[in-house]
Amino acid sequence: MDYMEQALSLAKLALGQASPNPAVGAVVVKGGEVVGQGYTQPPGSHHAEVIALKQAGREAAGGVMYVTLEPCAHQGRTPPCTGAIISAGVSEVHMAMQDPNPIVSGRGQAELKKAGIKTALGEHEEEAREVNEAYIKFITTGLPFVTVKFAVSLDGKIATKKGDSRWISGPESRKYVHCLRYTSDAIMAGVNTLLADNPHLTTRCSGGKGGVARKQPLRVIVDGKGRTPLDSRVFSEPGKTLLALGRKASPEEKAAFTRAGAEVLESPTASGAVDLEKLLKALGEREITSVMVEGGGILLGSLFDRGLVDKVIAFIAPIIIGGAGAKTAVAGDGVSEVAESFRLERVKVGRLGDDLMVSGYVAK
């Protein structure tokens, strides 16, 4: 059995609840049998290693631990995991990757070695890095990991010439998007999307008891001129909504948006658009580690033009919309030469119902 692969499966269960901590999975093996396993709980609760050790009990002594990230060696909201591993008498620890957090990086492994515990590093490292891609960017830059998501027809349209977009993607794709939302700290959309579709921007992924999601991502509305209607659905949904304005708001406007259920963040530029770099920095300061951007084309284009996109997830439906006036997924300035295009690497192609899903990372 591939025990690190099992630990990675556990780590994925922590996505959507562990942030801003990394999503970690741990497995304790003794005599060829799994005696303990666990994954990171919400901030302030136990880390994966501690849960696996508690489950293993006395069987942890002399056992081997497989963990997807280097165990922490510092006192945070919880005691260091290295201390728990050493106290439990674990003889060997396999780590998929080193923790990029400067407070931890290398220290956890060094502390285990000092205690006489054999260590190994690098098993399934690429998969481990993908699970924690948002954490890695956040902990090293202070900025959230930005994923843009869109659904297009086979001819690249996101809506008809009249603006109708329901539904381009199929039910399987839409269901999967709710799971993507659940694993994101924030969902971002432009005001034009709000005006056209009046979306909920919530997740209905079955993350908790009774099929109810355990948390709702922060909703971020990018609105340069302050055109967001006060009766928008996003204001009445569970969770919080942040309205990013591209200009200074009057006290009366701020009060009205606050009463409607929004927090106002002024992030102006000379052009009257929202300063996206400043907005992402502000989100990072709030410990938002990941943002999924769901449109529209103007917002996506601005993010690409400024080099702020990390990952793309595109759903391609087998339909033809046509029309020179029909909207495309990415607007903005774009590039002048094909050679300057934003190229994706580590590309994956899958299928959801009749739709194709293409994902990849923007080459920097």
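The values are calculated or read from the model by the stated rules, or taken from the named source; none is laboratory data. Everything quoted here is computed from the prediction, not taken from an experiment. Cβ sites come from the backbone with ideal geometry, for glycine too, and all protein chains shown count toward neighbours. Note: areas computed on protein heavy atoms with side chains; ligands, DNA, RNA excluded. Shrake-Rupley method; radii C 1.70, N 1.55, O 1.52, S 1.80 Å.
Structure notes:
- Number of positions in segment 179-205 that are under 14 Å from the mean Cα position of the chain (by Cα) and free of Cβ contacts under 8 Å to residues at least 60 places away in the same chain: 2
- Test for K157: is it over 30 Å from A73 (Cβ atoms), touching a Phe, Trp or Tyr at 6+ places or on another chain (Cβ under 9 Å), of a type in the set (K, R) and touching a residue at least 24 places away in the same chain (Cβ under 8 Å): no
- Test result for K175, among the basic types (K, R), more than 18 Å from the chain's Cα centre (by Cα) and farther than 18 Å from A26 by Cα: no
- The strands (runs of 3 or more DSSP E) found entirely in segment 118-206 that carry 1 or more residues being out of contact with any helix residue (DSSP H, G or I) (no Cβ under 8 Å at 6 or more places or on another chain), open to solvent by 50 Å² or more (accessible area, probe 1.4 Å) and at pLDDT 90 or above are 118-121.
- Residue match in segment 341-364 (condition: surrounded by fewer than 20 Cβ atoms within 10 Å (Cβ to Cβ), at pLDDT below 90 and under 24 Å from the mean Cα position of the chain (by Cα)): yes
- Looking only at segment 207-224, and only at residues there that are open to solvent by 40 Å² or more (accessible area, probe 1.4 Å), modelled with pLDDT under 90 and in a loop (DSSP other than H, G, I, E, B), the one that is nearest to L279 (Cα to Cα): K215
- Residue within segment 315-328 that is within 18 Å of the chain's Cα centre (by Cα) and under 27 Å from L195 (Cβ atoms) present: yes
- Some residue of segment 277-287 being in contact with a Leu (Cβ under 7 Å, 6 or more places away or on another chain) and at pLDDT below 90: no
- Criterion violated by K278 - all others in (1) under 27 Å from Y361 (Cα atoms); (2) touching a Ser or Thr at 6+ places or on another chain (Cβ under 9 Å); (3) open to solvent by less than 70 Å² (accessible area, probe 1.4 Å) satisfied: (3)
- In the condition set (1) within 15 Å of the chain's Cα centre (by Cα); (2) within 17 Å of L15 (Cβ to Cβ); (3) not basic (K, R), V148 is compliant with all but (2).
- Only residues that are more than 23 Å from the chain's Cα centre (by Cα) and assigned to a strand (DSSP E or B) were counted in segment 236-248, giving 1.
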